[in-house]
Amino acid sequence: MRIEEEVKLDYADVLLRPKRSTLSSRKDVNLERKFSFYHSNKVWQGVPIMTANMATCGTFEMAKVLSKYKMITTFHKYYTKDDYLEFFKNFNDPDYIVYTLGIRDEDIIKLKEMISSNLINNFSFICIDVPNGYLERFLDAIKLVRELCKNHIIIAGNVVTNEMTEEIILAGADIVKVGIGPGSACTTRRMAGVGYPQLSAVIECSDAAHGISNGKGGYGLTIADGGQQYPSCVAKAFCAGADFNLFGSMFSGFDESAGEIVERDGKKYKEYFGSSSNKALIDFYGKKSDYRASEGRYVLMPYKGPIDIFIQDLFGSLRSTGTYIGARRLKEFPRRATFIKVNRQLTTYLEKYDEEK
Ligand code: 5GP
């Protein structure tokens, strides 16, 4: 048994040091990025922020709105081929949607059907998503999907360490999804005791990914997945080196999120639940096997209305970070960032009286 002594950090453990800046307005901060990839020949341009592939936020309704902002929707795994046939009658925006699959036999069969029906070409991205990216079977699945979809942008995860980040890229992925245990609806740290503080995971995995280059301008990329409680966490993840930010809870509770509006004591809520919660396992697989425990939460999220206002707030916050640290483009965030370790991130004693909350 070995103990690693170095303390690893979460978003809440740091703040960003302000820097002298030549920017005159928040308007000057450009939030778009353009990427080339290690395997895929595609070039992608947009705002590198995406929904989680969760039942509550990886929805068709979300894609219709987010694509207008050049943001990405990662669809949940439960849409059928017929659902997609219907959806693509009125949607043509491949760069801003992701097809998600797991690594079970059924997932591969469905992918092959998506390929033979040509539906897969409506997507620029494919995401191979497992909670534990350390399984050998996962690497085999990445190799197979790369073989089947040679020019798609392949995302694979989740992992939290540098050596596995490298393996995943070399196996065929373009982008590695980083995060084990930080998610707001995730109980893995509590149930299994496994995890890695997310800011450090993002720093270490991004460093590893960016070191892998194909010599033609394409290199390994990362997605910071989960644990972003505030827009500032999104900024910190970009500063830590994440190329994309993906999250669930901040995309939930809106009109475009799935689920009914529930009323309790005169207040409106929408449900948000982990993909490994009892609710998800029973709704989508019909049962929870008795050899496994639930590793997800089911919560009622205060209903927040249409998502546009949140997106404007999010973009405004990121532009604000850019002006404070002197970064004119999102690409410059990591170069301009200095993190300060803190004992206390926020002053919260008036939060309960906040009339705008
Ligand atoms: P959030 O943005 O809510 O903090 O985190 C969203 C992320 O949590 C997802 O993208 C996914 O990686 C992770 N996640 C979602 N559901 C579950 C779950 O039931 N269990 C675990 N361990 N992680 C989950």
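The values are calculated or read from the model by the stated rules, or taken from the named source; none is laboratory data. In this text, all values refer to a predicted model and were calculated from it rather than measured experimentally. Ideal geometry is used to build each Cβ from the backbone, glycine not excepted, and the neighbour counts take in all protein chains shown. Heads up: the accessible areas ignore ligands, DNA and RNA and are worked out on the full protein's heavy atoms, side chains in. Shrake-Rupley method; radii C 1.70, N 1.55, O 1.52, S 1.80 Å.
In the set (1) more than 22 Å from the chain's Cα centre (by Cα); (2) surrounded by fewer than 16 Cβ atoms within 10 Å (Cβ to Cβ), Asn132 fails one condition alone, (1).
Looking at Gly253, Gly322, Gly220, Gly296 in this structure, which one is under 27 Å from Leu199 (Cα atoms) and near the ligand (Cβ under 9 Å from one of its atoms)? Spell out the reasoning first.
On the way: Gly253 fails: near the ligand (Cβ under 9 Å from one of its atoms); Gly322 fails: near the ligand (Cβ under 9 Å from one of its atoms); Gly220 fails: near the ligand (Cβ under 9 Å from one of its atoms).
Matching residue, one of Gly253, Gly322, Gly220, Gly296: Gly296.
Each row is one residue, and each column tells you yes or no for (1) farther than 19 Å from Met71 by Cβ; (2) hydrophobic (A, V, I, L, M, F, W, C).
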{"position": "Leu85", "(1), (2)": "yes, yes"}
{"position": "Thr100", "(1), (2)": "no, no"}
{"position": "Ile103", "(1), (2)": "yes, yes"}
{"position": "Asn122", "(1), (2)": "no, no"}
{"position": "Lys150", "(1), (2)": "yes, no"}
{"position": "Ile153", "(1), (2)": "no, yes"}
{"position": "Ala156", "(1), (2)": "yes, yes"}
{"position": "Val160", "(1), (2)": "yes, yes"}
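Scanning segment 250-266 for residues that are open to solvent by 30 Å² or more (accessible area, probe 1.4 Å) and not β-branched (Val, Ile, Thr) yields Asp255, Ala258, Gly259, Glu260, Glu263, Arg264, Asp265, Gly266.
Residues in segment 191-219 that are crowded, with 24+ Cβ neighbours inside 10 Å and more than 12 Å from Asn162 (Cα to Cα): Gln198, Leu199.
Find the residue count for segment 259-293, including only residues that are among the β-branched types (Val, Ile, Thr) and either modelled with pLDDT of 90 or more or farther than 27 Å from Val194 by Cα (or both).
Start the filter on segment 259-293 by keeping residues that are among the β-branched types (Val, Ile, Thr), which leaves 261-262, 282.
From the residues that got through so far, the ones that are either modelled with pLDDT of 90 or more or farther than 27 Å from Val194 by Cα (or both) too are 261-262.
Of the residues in segment 259-293, 2 are among the β-branched types (Val, Ile, Thr) and either modelled with pLDDT of 90 or more or farther than 27 Å from Val194 by Cα (or both).
Listed by position, the helices (runs of 4 or more DSSP H) contained in segment 65-161 that have at least 1 residues being at pLDDT 95 or above, touching a strand residue (DSSP E or B) at 6+ places or on another chain (Cβ under 9 Å) and farther than 30 Å from Ile307 by Cβ are 105-116, 136-148. Quick one: would you say Asn151 is polar (S, T, N, Q), under 21 Å from Met54 (Cβ atoms) and open to solvent by 30 Å² or more (accessible area, probe 1.4 Å)? Taking the combined requirement at face value, the residue does not satisfy it.
Identify all residues within segment 163-183 that are within 8 Å of the ligand (Cβ to nearest atom) and assigned to a loop (DSSP other than H, G, I, E, B); write none if there are none. Don't jump to the end; show me each part of the working.
Of all residues in segment 163-183, those within 8 Å of the ligand (Cβ to nearest atom) come to 177, 179-183.
Across segment 163-183, the qualifying residues are Gly179, Ile180, Gly181, Pro182, Gly183.
When Glu32 is tested against (1) in contact (Cβ under 8 Å) with a residue 60 or more places away in the chain; (2) over 17 Å from Met71 (Cα atoms); (3) open to solvent by 20 Å² or more (accessible area, probe 1.4 Å), just one condition goes unmet, and that condition is (2). Filter segment 157-190 down to the residues that are over 21 Å from Glu136 (Cβ atoms) and either of a type in the set (A, V, I, L, M, F, W, C) or open to solvent by 20 Å² or more (accessible area, probe 1.4 Å) (or both) and list them by number. Hits for segment 157-190 are Pro182, Gly183, Ser184, Ala185, Cys186, Arg189, Arg190.
Scanning segment 1-21 for residues that are under 27 Å from Tyr69 (Cα atoms) and either within 16 Å of the ligand (Cβ to nearest atom) or open to solvent by 60 Å² or more (accessible area, probe 1.4 Å) (or both) gives a single hit, Tyr11. Criterion applied to Asp283, Asp313 was being open to solvent by 80 Å² or more (accessible area, probe 1.4 Å) and within 14 Å of the ligand (Cβ to nearest atom), and the one residue passing it is Asp283. If a residue must be away from the ligand (no atom under 15 Å from the Cβ), of a type outside the set (D, E, K, R) and touching a strand residue (DSSP E or B) at 6+ places or on another chain (Cβ under 8 Å), how many such residues does segment 256-272 contain? Count: 3. Could you check, for segment 93-102, whether at least one of its residues is more than 18 Å from Phe244 (Cα to Cα) and open to solvent by less than 30 Å² (accessible area, probe 1.4 Å)? Taking every residue of segment 93-102 in turn, at least one turns out to be more than 18 Å from Phe244 (Cα to Cα) and open to solvent by less than 30 Å² (accessible area, probe 1.4 Å).
Mind listing just one residue for me: the one in segment 48-64 that is part of a loop (DSSP other than H, G, I, E, B) and within 13 Å of the ligand (Cβ to nearest atom) and, of those, surrounded by the most Cβ atoms within 10 Å (Cβ to Cβ)? Write out each step before concluding.
Here is the first cut: in segment 48-64, the ones part of a loop (DSSP other than H, G, I, E, B) are 48, 52-59.
This time we only want the ones that are within 13 Å of the ligand (Cβ to nearest atom), so: 52-58.
On the way: Ala52: 28, Asn53: 25, Met54: 27, Ala55: 25, Thr56: 27, Cys57: 30, Gly58: 28.
Here the residue is Cys57.
For segment 139-148, the set of residues classified as open to solvent by 20 Å² or more (accessible area, probe 1.4 Å) and within 18 Å of Glu113 (Cβ to Cβ) consists of Leu144, Glu147, Leu148, listed by residue number.
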